[in-house]
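Participant: The structure is given below, and queries will be raised subsequently.
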Amino acid sequence: MAADNNYSLGPVPLTARKGVASLTMVMLGLTFFSASMWTGGSLGTGLSFDDFFLAVLIGNLILGIYTSFLGYIGASTGLSTHLLARFSFGTKGSWLPSALLGGTQVGWFGVGVAMFAIPVHKATGIDTNVLIVASGILMTVTVYFGMSALMILSAIAVPAIALLGSYSVVGAVESIGGVDQLKMMKPVDPIDFPVALAMVVGSFVSAGTLTADFVRFGKKPRSAVLVTMVAFFLGNSLMFIFGAAGAAVTGHSDISDVMIAQGLLIPAIIVLGLNIWTTNDNALYASGLGFANITGLPSKYISVVNGLIGTLCALWLYNNFVGWLTFLSLAIPPIGGVIIADFFVNRKRYHDFTKAEFKTVNWAGMLAIAIGVAAGHFLPGIVPVNAVLGGAISYVLLNTVMNKKTHAVKQVA
């Protein structure tokens, strides 16, 4: 079998680890996503000025803390999210989180393809379906080359989207008469603050749960934490601000409509195309790792198949984006909570993946997901936070009761 440069079925060796600058670009390429600007646009028209910033900062701080735990674990072990899941869910039990996480990333890929194709259609008149197929195939091709391609694309896209977003914000603020006038604007379609927080966290909780897939290439766990906080707290917050400023002034929550109103469509097509391309490749890369855990096949081939599926479903996913966010905010966080809890409770088991013993299915982990979902749905507060804590706490209790014998690590004579 050809070398698996994605290390989809084992830990990343120290010789393949990357520096902080490279990983920061990859992670910013992940969080610099147009869908976050879209959500920011919805919040910008639904919250007051102060409430918007409060929701974005609190929500992304929560995301940053959550993903930093996962980033620390990934860099400490060199393992992908799906291989980490074998410790807490079992070998075949890990197929459930892998299918759920991998499937959602295919969905995000489809959303991204549509978010690129639709504004290009508005500008050129080219059939939307033709654009979806062409852009989807192009984005799928590059993921075949793995982490090296992600680094190159991110190095181009991250500075470009930062410049475009900043220009859009400045133009929006100047057009309305300054920041003081922006503060005086009333929400067009008010959103409850807890719902807004759930939208912020839910916008990236799926990709955030897969943080280990990327920062497992980090040389040091502490550096991985720094990279993760920069990407999710600072980078994602910038995306919300970029989307909200234009939306508050124009009344459009869709970033493509905002840029049309600002006369920025042509540069937006180029820069947003690069931006979506990097995030979509990250999504396909992560989805391939998930289904590689299930099938045992090299992840790069699976990623290509996933790209074709996401392309075919792009318009449906785009038209159901709010419902997608609601689903993600509830179903995904318990998985990360379980993985975090198991690592810190049973840390010695993670020292040597090749010698570790796993249950076939760890029912404590499976039940913890269900309890985490229920906690997110029924308990008052922030849905994703309740789901993470519900999954983590219930897992510790259930695993203690249901698996009294500690999982052993094979000893080599």
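The values are calculated or read from the model by the stated rules, or taken from the named source; none is laboratory data. Here the structure is a predicted model, which is why all the values come from computation and not from measurement. Virtual Cβ from ideal backbone geometry, glycine too; neighbours counted across all protein chains shown. Side chains included, ligands, DNA and RNA excluded: accessible areas come from the protein's heavy atoms. Shrake-Rupley method; radii C 1.70, N 1.55, O 1.52, S 1.80 Å.
Participant: For region 336-403 and region 201-248, what is the centre-to-centre distance using only Cα atoms, to the nearest Å?
Facilitator: 23
Participant: With the cut-off at 1.5 for a/c, could you classify region 228-284 from its C-alpha gyration tensor as rounded, prolate or oblate?
Facilitator: Oblate shape, in that a/c is at least 1.5 and b/c is the bigger or equal ratio.
Participant: How do the peptides 14-21, 381-388 rank, highest first, by the average count of neighbouring beta carbon atoms within 10 Å per residue?
Facilitator: 381-388, 14-21
Participant: Convert each backbone phi in region 40-53 into a coupling constant with the Karplus relation 6.51 cos²θ - 1.76 cosθ + 1.60 (shift: θ = phi - 60°), then list the ³J(HN,Hα) values in order as whole Hz, x for Gly and Pro.
Facilitator: x, x, 5, 6, x, 8, x, 10, 5, 4, 5, 5, 4, 5
Participant: Treat every Asp and Glu Cβ in the chain as -1 and every Lys and Arg Cβ as +1, leave all other atoms uncharged, and give the resulting dipole magnitude about the Cα centre to the nearest 20 debye.
Facilitator: Here the chain has a charge dipole of around 1780 debye.
Participant: With the other protein chains left in place, how much accessible area per residue, in square angstrom, belongs to region 314-407 at a 1.4 angstrom probe?
Facilitator: 50
Participant: If you compute Kirkwood radius over Cα pairs in Å for the structure shown, which of (1) 28.0; (2) 22.4; (3) 21.2 do you land on?
Facilitator: The value computed from this structure is option (3).
Participant: Report the full-extension gain for the segment MET185 to ILE393: residue separation times 0.36 nm, less the Cα-Cα distance, to one decimal in nm.
Facilitator: 70.7 nm
Participant: Next up: Taking R0 as 45 Å, what's the FRET efficiency between TYR167 and ALA99 from their Cβ-Cβ distance, rounded to 0.05?
Facilitator: 0.65
Participant: Would you please classify the overall shape of region 1-156 from the alpha carbon gyration tensor, given that a ≥ b ≥ c denote the square roots of the eigenvalues, rounded means a/c under 1.5, and beyond that prolate means a/b larger than b/c while oblate covers the rest?
Facilitator: Note, shape of region 1-156 comes out oblate.
Participant: Please report the carbon-and-sulfur percent of the accessible area for the chain; probe 1.4 Å, protein heavy atoms only, DNA, RNA and ligands left out.
Facilitator: Of all accessible area on the chain, carbon and sulfur atoms account for 70 percent.
Participant: Still on this model: At what distance in angstrom do the alpha carbon centres of region 77-148 and region 259-274 lie from each other?
Facilitator: Cα centroid of region 77-148 versus Cα centroid of region 259-274: 23 Å apart.
Participant: List the lysines whose Cα sits under 19 Å from the Cα of LYS92, skipping any in the same chain fewer than 8 residues away.
Facilitator: Cα-Cα hits under 19 Å: LYS355, LYS359.
Participant: Here's a follow-up. With the dipole of the chain worked out from charges on the C-beta (+1 for Lys and Arg, -1 for Asp and Glu) around the Cα centre, which of PHE344, PRO333, VAL133 lies farthest toward the positive end?
Facilitator: Of the options given, the answer is PHE344.
Participant: Next up: For the chain, what does -39500 (n - 2.57) per DSSP helix run (n ≥ 4), summed and divided by total residues, give at 222 nm, in deg cm²/dmol to the nearest 500?
Facilitator: -24500 deg cm²/dmol
Participant: Over region 1-124, what is the relative contact order in whole percent, taking alpha-carbon pairs under 8 Å and six or more residues apart?
Facilitator: Rounded, it is 34 percent for region 1-124.
Participant: Per residue of region 284-299, what does 6.51 cos²θ - 1.76 cosθ + 1.60 with θ = phi - 60° give for ³J(HN,Hα)? Whole Hz please, x for Gly and Pro, Karplus curve as stated.
Facilitator: 5, 4, 5, 5, x, 5, x, 6, 5, 4, 7, 9, x, 8, x, 5
Participant: Next question. Would you please give the FRET efficiency between GLU174 and ALA123, computed as 1/(1 + (r/R0)^6) with r the Cβ-Cβ distance and R0 = 35 Å, to the nearest 0.05?
Facilitator: 0.90
Participant: Rounded to the nearest 0.05, what FRET efficiency is calculated for PHE344 and THR295 with R0 set to 25 Å and r the Cβ-Cβ distance?
Facilitator: 0.25
Participant: Length gain on complete extension for the stretch LYS92 to LYS355, per 0.36 nm per residue less the alpha carbon to alpha carbon distance?
Facilitator: Gain in length upon complete extension: 92.9 nm.
Participant: Going by amide H atoms built from the backbone, whose H comes under 5 Å of the H on GLY218, apart from near neighbours?
Facilitator: Close amide H contacts, sequence-distant or interchain: LYS18.
Participant: Moving to a separate point now. So what are the ³J(HN,Hα) numbers for region 350-358, from phi and the Karplus equation (6.51, -1.76, 1.60; θ = phi - 60°), rounded to whole Hz, Gly and Pro as x?
Facilitator: 8, 5, 9, 4, 5, 10, 6, 9, 10
Participant: Okay, moving on. If you find the alpha carbon centre of region 23-46 and of region 277-320, how far apart are they in angstrom?
Facilitator: Going from one Cα centre to the other spans 20 Å.
Participant: Would you mind checking which residues have amide H under 5 Å from LEU79's amide H? H placed 1.01 Å from N; only 5 or more apart, or other chain.
Facilitator: VAL12
Participant: Spin-label point model (7 Å from Cα, Cβ direction): what's the LEU61 to ALA370 distance in nm?
Facilitator: If labels sit at LEU61 and ALA370, their model points lie 3.6 nm apart.
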